[in-house]
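The values are calculated or read from the model by the stated rules, or taken from the named source; none is laboratory data. Owing to the predicted nature of the structure, the values given are computational and were not obtained by experimental measurement. Using ideal geometry, Cβ is built from the backbone for each residue, glycine included, and neighbour counts are taken over all protein chains shown.
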Amino acid sequence: MTFLLRRVLVMIPTMLAIITITFFIIRLAPGGPFMSEREIPREARTALNAKYGLDEPLLVQYGRYIHNVVRLDFGPSYKFPSRAVRDIIFESLPVSLELGIYAILLALLIGIPVGSVAALKQNTVWDYAPMSLAMLGVSIPNFVLGPMLIFLFALTLRWLPPALWGPPQHKILPALTLAAIYIAYIARLTRGGMLEITRADFMRTARAKGLPEATIVTRHALRGGLLPVVSFLGPAMARAVTGSIVVEKIFAVPGVGQHFVNGAFNRDYTLVMGVVIFYAGFLILFNLVVDLAYAFLDPRVKLE
């Protein structure tokens with residue numbers, strides 16, 4: 001309980017620093033929320049700035065925004081004034097969350113068995129082949145992999161739809177595109193963790209006691225070998241949920257990423273700020289869960 005309380009208290013200044021930095025950086029960018037290709041009359045722009053408080057000193061705007069954020073009020077979108085930023089995020093967040101969960105589950109289901117086999121069959125073809133593919137998965141960016149998968153499975157073989165978000169078959173290609181890099185990382189981390197564990201003294205003791213090899217692998221080697229994977233899952237899950245901007249654009253997925261890109265292009269301050277706050281919150285939350293899971297898996301780690 002003390003550990004949780006301390007981590008929650010640390011989250012407060014971290015979130016405050018993220019909000020502060022983002023608030024001032026986005027306002028230093030050239031342009032503004034009411035600039036467009038067609039010039040707006042000066043009187044109309046002055047009225048809009050007064051309506052949203054953009055004519056006030058920057059520190060006054062910052063203080064008012066912090067006061068509103070505490071109440072989870074991120075204000076209206078400058079581009080879509082009839083909609084609140086909170087409503088836009090809550091509407092699209094489940095889609096990004098679903099896509100991220102699919103990608104991480106797919107990465108775990110493929111990466112852990114592949115990395116385990118590579119570690120148990122070290123320096124054989126069962127090691128070299130999957131690790132080479134893993135390196136390929138790390139090297140190919142998702143903005144290249146996505147169109148390749150669309151061309152192969154949607155346009156050539158016609159097995160899957162090329163875009164949009166609907167029935168399960170629409171979710172396979174986006175999830176696979178987003179999961180590819182995580183499959184590669186998890187496979188390599190699992191292999192490295194298991195190779196380190198298999199050389200430990202307690203593994204030799206377990207074999208000397210006559211324990212079955214399957215028990216040694218599943219109860220000792222795999223549990224210890226997954227510690228690097230658990231450490232990776234915190235930022236990976238947050239990035240998969242919130243960092244799928246390119247994948248959402250390629251496959252026309254109506255997630256948070258599209259709103260973030262559109263908000264940046266439109267200089268929609270409130271929308272960008274709201275998305276960044278949710279991104280940071282997810283990252284901190286998943287890191288906290290990983291710390292707890294790490295202590296559960298490794299009895300040598302104490303939450304003190």
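Can you tell me which residue within the stretch 81-110, out of those that are more than 23 Å from residue 169 (Cβ to Cβ) and without any contact (Cβ under 8 Å) to a residue 40 or more places away in the chain, is surrounded by the fewest Cβ atoms within 10 Å (Cβ to Cβ)?
82
Name the residues in the stretch 212-242 that are surrounded by 19 or more Cβ atoms within 10 Å (Cβ to Cβ), modelled with pLDDT under 75 and among the small types (Gly, Ala, Ser), would you?
221, 224, 225, 234, 238, listed by residue number.
For the condition within 30 Å of residue 245 (Cα to Cα), among the polar types (S, T, N, Q) and more than 23 Å from the chain's Cα centre (by Cα), what is the one hit in 139, 82, 96, 92? Break it down stepwise before answering.
Working: 139 fails: more than 23 Å from the chain's Cα centre (by Cα); 96 fails: more than 23 Å from the chain's Cα centre (by Cα); 92 fails: more than 23 Å from the chain's Cα centre (by Cα).
Sole residue among the options that is within 30 Å of residue 245 (Cα to Cα), among the polar types (S, T, N, Q) and more than 23 Å from the chain's Cα centre (by Cα): 82.
Could you give me the residue pairs with C-beta distances under 8 Å whose first residue belongs to the stretch 164-189 and is more than 18 Å from residue 140 (Cβ to Cβ), whose second residue is surrounded by fewer than 21 Cβ atoms within 10 Å (Cβ to Cβ) and of a type in the set (Gly, Ala, Ser) wherever it lies, and which are 6+ apart or on separate chains?
164/252; 165/252; 170/163
Any idea how many residues of the stretch 248-264 are under 12 Å from residue 88 (Cα atoms) and modelled with pLDDT under 85?
7
Taking residue 184, is it over 17 Å from the mean Cα position of the chain (by Cα) and either among the charged types (D, E, K, R) or assigned to a helix (DSSP H, G or I) (or both)?
Details: over 17 Å from the mean Cα position of the chain (by Cα): no; either among the charged types (D, E, K, R) or assigned to a helix (DSSP H, G or I) (or both): yes.
Criteria not met by residue 184.
Within the stretch 25-38, take every residue that is closer than 21 Å to residue 80 by Cβ and exposed (fewer than 12 other Cβ atoms within 10 Å of the Cβ) and give me the one that is modelled with the lowest pLDDT. Outline the logic, then answer.
Just the residues of the stretch 25-38 that are closer than 21 Å to residue 80 by Cβ, to begin with: 26-27, 29, 31-38.
Those still in the list that are exposed (fewer than 12 other Cβ atoms within 10 Å of the Cβ) too: 29, 31, 36-38.
Numbers: 29: 75, 31: 71, 36: 61, 37: 52, 38: 59.
My answer is 37.
Each row is one residue, and each column tells you yes or no for (1) within 26 Å of residue 163 (Cα to Cα); (2) part of a helix (DSSP H, G or I).
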{"site": "74", "(1), (2)": "no, no"}
{"site": "92", "(1), (2)": "yes, yes"}
{"site": "105", "(1), (2)": "yes, yes"}
{"site": "115", "(1), (2)": "no, yes"}
{"site": "122", "(1), (2)": "no, no"}
{"site": "132", "(1), (2)": "no, yes"}
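Select, from 52, 65, the only residue that is of a type in the set (Ser, Thr, Tyr), in contact (Cβ under 8 Å) with a residue 12 or more places away in the chain and out of contact with any helix residue (DSSP H, G or I) (no Cβ under 7 Å at 6 or more places or on another chain).
When all the criteria are applied, what remains is 52.
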